[in-house]
Every structure is written in structure tokens, then in C-alpha cells.
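The values are calculated or read from the model by the stated rules, or taken from the named source; none is laboratory data. These figures come from a predicted structure and were not determined experimentally. Using ideal geometry, Cβ is built from the backbone for each residue, glycine included, and neighbour counts are taken over all protein chains shown. Areas reflect the complete protein model, heavy atoms only, side chains present, ligands, DNA and RNA absent. Shrake-Rupley method; radii C 1.70, N 1.55, O 1.52, S 1.80 Å.
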Amino acid sequence: MEQHRRYWEDTYLFDVDTQVVAVREEPAPGIAVRDGIVHPKGGGQPDDIATVEMRPVSVSKDAETVWLHPEGALPAIGDVVHVAIDPEVRRRHAALHSAGHLLDACVAPLGFVNVGLSHTPGQAFLLYDVNGGTLPDGEEAKTALIETLLARAHELVGADLPYGAEIDADGVRRVTIEGLQSDPCGGTHVRTTGDLTGIEITRVRTKKGQLKLSYTAEHA
Ligand SMILES: [Zn+2]
């Protein structure tokens, strides 16, 4: 079976006619298609909202394959099916995810190391251990931190830096913001930092020696 991770190549490939390359009944009835445009939940980014032949499907993945689970009768291996994702949901997920990279590039130089994250709409956050930096103490310090981070973030949006991805020598996909940072990542990204708008840090919390930043962002 051969499935291409098309969502790694093109964030904006929203639908495709593609061949069914695998069918299974267990653990849940599902199909795998050659052109994998559907992003499965992982790395903090949620599942895409997807359809096969206009029918809603749930999404799962195993080690190598993204599976789509339609209700009712399954297509057969070799059938060509129309697979589509919700473009607005994909754009929102890619924007939140890409803003996570961007904000991390603003936070890390202040002496923090990222140890957790979510890019789920309405509850996106970045969690940090202190790595030489100083946790903000009190509301004034938190407000000052937000201002510092947003000023830097807006500067980077203005610089319109490209996001890129490549597979390194160890087979790990590394995602870069040109000239800024490089991280192992399997998600979907906007084209450049200039595709991001509405970046806000909605809450700063310090607890048990960690810094947690809640944030939001939109696709321009
Ligand atoms: Zn990423």
C-alpha cells in the first residue's frame, strides 16, 4: 500500500479524486487512499473535518497510514473516490499551529524551553519550563511580557518569513521559519508569517515553576 502525505506538501489542497489503496474492517471499518490530504490529530493539531464522496468521515491513524471511516458500505480497493476537507477549518488549524511556531521563536530567546502545547481552536497554548529566564511575577509583569512578545511577533509577521519543511538525514521532518527556527513537526503550516493575523496572547499563567501562554491567531 502506498499513501502519499499530500498535506505535508500543500496545506491548501482541499479536495482530490484519489484511489482507494487499502480497506479494513478492524478495529473500525475504514479505507486508506493514495493521496492523503487529511491531517490526522497529532502534534497538538486536531483532525481535519473530512468527507469521502460528500459523506462525513472520522479520521484515525496508525504508524504509517491515515484511515478514513465512512458510515455504511465501504468502497473497494482500486475505486476512485472524492476526498475533501473543510477549507476554513484547515486554514484555522494551520494558522494556529504556525502561530505556535512563531510565538515559540519569540519566547525561547527570553530563557524558556517549550514542554507542551495545543493548537486546538479556543484552547491553544504553549507551556514552558524556565531555562535561564524569569517567570513574570504579578499582573504588571505579565502584561509587560505580553507586550514584549506581541511586539516581536508582529515584527516577524511584517518580515513575511517563509515556512519550509524537509526530511532530515534521520528521516525526521523538520519545519523551519526561514532564518528563525527549525523544529521536528508533522503539522500543516501557512506559506509565510505574513499569512498570520490577529495574534493575541489571551492569558499568562505561572504555576509550579512553569509558564503557560494561551493564544489565538487567524489566517489572513
Ligand atoms: Zn509545525
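Helix 87-107 axis versus longest C-alpha principal axis of the chain: approximately 30°, rounded to the nearest ten.
Heavy-atom accessible surface of the chain, averaged per residue, reaches 49 Å², computed with a 1.4 Å probe. Rolling a 1.4 Å probe over the protein chains gives residue 37 an accessible area of about 0 Å². Entry note, region 89-219: relative contact order of 31 percent, from Cα contacts under 8 Å with a spacing of 6+ residues. The long axis of helix 139-158 is offset from the longest Cα principal axis of the chain by roughly 60 degrees.
Averaging 1/r across all pairs of distinct Cα atoms in region 61-220 and inverting the result yields a Kirkwood radius of 17.4 Å. At q = 0.20 Å⁻¹ the log10 of I(q)/I(0) for region 6-85 amounts to -0.83, computed by Debye summation with a single uniform scatterer per C-alpha, solvent ignored. Mean separation of Cα pairs under 8 Å and 6 or more residues apart, divided by the residue count, gives the chain a relative contact order of 19 percent.
The heavy atoms of residue 64 offer some 150 square angstrom of accessible surface to a 1.4 angstrom probe. Apolar share of the accessible surface for the chain: 49 percent from carbon plus sulfur atoms, 1.4 Å probe. Note on residue 160 and residue 73: with the Förster distance fixed at 41 Å, the Cβ-Cβ geometry gives a FRET efficiency of about 0.30. Distance between the modelled labels on residue 64 and residue 178, one decimal in nanometres: 3.5 nm (7 Å Cα→Cβ projection).
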